Amino acid sequence: FDAPRTLLKVAMPGESKELFWRCERAHPVGSTAVQFTNPVLAEKLTRARLEDATQTGTTQLFCEDPATLYHLSKYAKDYRLEVKGMYEFLASQLVKT
């Protein structure tokens, strides 16, 4: 997973931050099976990750997992965040060059 992250750092101006994966531990959103077994908890997990992002001053989030992308996108406007698929963004940068 290092190569896409390295490309993203090159494509984006400024400093990037890893928000949901720290010290070999994931901080999940509600995209796992919990969305079916406990939807309230799933929403709380997703909103907690979006709150984490706003606390760092982030305005854009890039995500490589489609399920996580869906769940973050579902509530991102409530936090004034833009959520993008990392691979789709990187592909769009190739087209520009």
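The values are calculated or read from the model by the stated rules, or taken from the named source; none is laboratory data. Keep in mind it's a predicted model, so treat the numbers as computed, not measured. Side chains are part of the model used for accessible areas, which takes the heavy atoms of the whole protein and leaves out ligands, DNA and RNA. Shrake-Rupley method; radii C 1.70, N 1.55, O 1.52, S 1.80 Å.
Axis angle, to the nearest 10 degrees, between helix 39-55 and the longest C-alpha principal axis of the chain: 40 degrees.
Extension gain, Val10-Gln93: 0.36 nm per intervening residue step, less the Cα-Cα distance, totals 28.8 nm.
Of all lysines in the structure, the ones whose alpha carbon falls short of 30 Å from that of Lys44, not counting any fewer than 8 places away in one chain, are Lys9, Lys17, Lys74, Lys77, Lys84. Set the Cα radius of gyration of the chain against 2.2 N^0.38 Å, with N its number of residues, and you get 1.10.
Carbon and sulfur atoms: what percent of the 1.4 Å accessible area of the chain do they account for?
Reported share for carbon and sulfur atoms: 58 percent.
The residues of the chain expose on average 70 square angstrom of accessible surface per residue, using a 1.4 Å probe on protein heavy atoms.
In a fully extended conformation the segment linking Phe36 and Glu64 would gain 7.9 nm over its present Cα-Cα distance, using 0.36 nm per residue.
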